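Down below is the structure, laid out as structure tokens.
Values quoted throughout were computed directly from the atomic coordinates according to the rules given, and no laboratory measurement underlies them. The model shown is predicted, which means the values in this text are computed figures rather than measured ones. Glycine also receives a Cβ, built like all others from the backbone with ideal geometry; neighbour counts cover every protein chain displayed.
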Amino acid sequence: MSIHFFSIHGHFYQPPREDPFTGKIPVELGAEPFTNWNERIHSECYHPNAKLGNFEHISFNIGPTLFEWMLSAYPQTCAQIVEQDQANIRRQGAGNAMAQAYHHTILPLATRRDKETQVYWGVVQFLQRYGRQPEGMWLPETAVDLETLEVLAGFGLKYTILAPWQAETTNLDPTEPYQVNLASGKSISVFFYHSELSGGISFAPQWTTNADTFLQEQVQPRFNPAKTRRGEPQLLLIASDGELYGHHQQFRDYFLAHLVNGASQRHGLVNTNLAQWLRQYPPHQMVSIRENTSWSCHHGVLRWKGDCACLPSDGRWKIYLRMACDRLANDLDEVYSQALHAYRVDPWLLRNRYIYKLLGEISVENLIAEIFGSGLKQESIRKITLLLEAQHHRQRMFASCGWYYDDFARIEPRNCLAYAAQAVILARRAVGEDLAAPLQGMLRNVVSHKTGLRGDTVFNQHIELANRLDG
């Protein structure tokens, strides 16, 4: 019986692209012959991998906002993916899909309340779509701190995946998971992916032209020889963006299919998933994590809040964008909590439960009645509804992609300000308070180094559009 196991993890995610005023994705240049990038990547990656059955044989997470778009546009693809997770449960007793924090927020940069909302929304979305409680959760950009792990453990999640440099040790063995003990007395398991294998499969196209060669020349030599001599089971985890398989690299969906179906058995390797591995081989070593670290920035989480050397251009605009979004989030929270104070209900419990409305399980009126009881006046229901939707857009504006790239003129950071403007408009409709003025000075310093486009210009354009629609 083989003692060499491996698992491929695919992180499938695309930024939210919907216009906050129309709810539709505008035409995106470069996605031709498709109208937007979601359509193109579905055709090149999500659909072919589902058709080949690859989701049954890998560990994976699909960003909740991406899944919601795909459910409306291509429900058959979603059904195939869910069925492939269910096949693992029937065969092995453990599913291979992982949940994800809902809006791909960099959680170490979020408040405790936002961490809880993002994780809770991700858990609920997973439960509704896959029909089971998630055991693992993918952290956006694998960005981590201890508070984030406490939140995961508090919601019953058992494991996550991190990069090897996020472990606070010089003797990490990537062929087994570790236990992280938390201040609350809880613990969580962490799988550390293999750095060389994951980097190679992501960025060295020559590695992924032949699955047999890849296993023979790249995977097998990286098992721990001492463990092999002792007959100890060991696991190599390879993690990458899921869009690698067919979108970033053409035909790699077929490479993946051959890798996890025929080639692995011929080379004496057992393909497994992480939940199943934990059932058989729970961690027996403990580790501490390096807080405020991620898989795609070797400067911690600086890439999403300031001028980071990961990118060649001046990133100071990110400092001011982060300042503006943090200021607005704080102001929106003050308005929201003060408006609900008179009703003597927990505003954050209500916000967390708003996910059921977003997923179509309950109307906002019934949700409000569930928390507040009957008898609220229509004006009060209207105000609470507007403030809840403002909180929704306030969460959307922190999607990590707004800070990931080097230039503000890209659609992702501009979308952050579109969602911010929508939250401002909704709060103004609800309570008559205008939260836009304090942001102007900060947003003037958000400037594209390529085009000179300024953040306050983008933000004010969206405010003016909303005013016209109101008028």
Legend entry - Euclidean distance between Cα centres, region 26-68 to region 89-114, Å: 19 Å
Inset, instruction - Would you calculate the separation in nanometres between label points at GLN128 and ASN330, each defined as 7 Å from the Cα along the Cα-to-beta-carbon direction? - result: 3.2 nm
Legend entry - Helix-only CD estimate at 222 nm, as mean residue ellipticity for the chain, using -39500 (n - 2.57) per DSSP H run (n ≥ 4): -13500 deg cm²/dmol
Legend entry - Straight-distance crosslink candidates among lysines, where the alpha carbon sits under 28 Å from LYS24 and sequence neighbours closer than 8 are dropped: LYS51, LYS115, LYS318, LYS357, LYS383, LYS450
Inset, instruction - Run down the aspartates and glutamates and flag those whose C-alpha is under 17 Å from the C-alpha of LYS186, throwing out any fewer than 8 positions away in its chain. - result: GLU116, GLU135, ASP145, GLU147, GLU150
Inset, instruction - Rounded to the nearest Å, what's the spacing between the alpha carbon centres of region 129-176 and region 282-323? Just the number, please. - result: 16 Å
Legend entry - Mean separation of Cα contacts under 8 Å (6+ apart) over length of the chain, as relative contact order %: 18 percent
Inset, instruction - Using label points projected 7 Å from each Cα along Cα→Cβ, tell me how many nm separate ARG468 and ALA87, to one decimal. - result: 5.0 nm
Inset, instruction - Please give the helix 316-341 orientation as an angle from the longest Cα principal axis of the chain, in degrees from 0 to 90, rounded to the nearest 10. - result: 60 degrees
Inset, instruction - Calculate one ³J(HN,Hα) per residue across region 215-232 by plugging θ = phi - 60° into the Karplus curve 6.51 cos²θ - 1.76 cosθ + 1.60, and present them in order as whole Hz with x for glycine and proline. - result: 5, 6, 8, 10, 7, 4, x, 9, 6, 6, x, 5, 5, 4, 5, 7, x, 8
Inset, instruction - For region 4-280, report the translational diffusion coefficient in µm²/s to the nearest whole number, using Stokes-Einstein at 37 °C, 0.692 mPa s, and a Kirkwood Rh over Cα pairs. - result: 170 µm²/s
Legend entry - Under 5 Å, built H, 5+ apart or other chain: amide partners of ALA167: ARG290
Inset, instruction - State the volume of the convex hull built on the alpha-carbon positions of region 309-470, expressed per residue in Å³ and rounded to an integer. - result: 117 Å³
Inset, instruction - For the chain, find the longest principal axis of its Cα atoms and tell me its angle to the long axis of helix 112-130, 0 to 90°, nearest 10. - result: 60 degrees
Inset, instruction - Subtract the Cα-Cα distance of THR451 and SER72 from 0.36 nm times their separation in residues, and report this length gain in nm to one decimal. - result: 132.9 nm
Legend entry - Prolate/oblate/rounded call for region 10-163, Cα gyration tensor, a/c under 1.5 rounded: oblate
Inset, instruction - Select one label from (1) 30.9; (2) 24.8; (3) 23.0: the one whose number is mean projected area of the Cα convex hull in nm² as derived from the coordinates shown. - result: (3)
Inset, instruction - Work out the FRET efficiency for ARG290 and THR228 from their Cβ-Cβ distance, taking R0 = 22 Å, and round it to the nearest 0.05. - result: 0.15
Inset, instruction - List every residue whose amide H lies under 5 Å from the amide H of GLN100, counting only residues 5 or more places away in sequence or on a different chain, with H placed 1.01 Å from N in the peptide plane. - result: TRP138
Legend entry - Radius 12 Å from Cβ of GLN285, net charge of other residues (Lys, Arg +1; Asp, Glu -1): -2
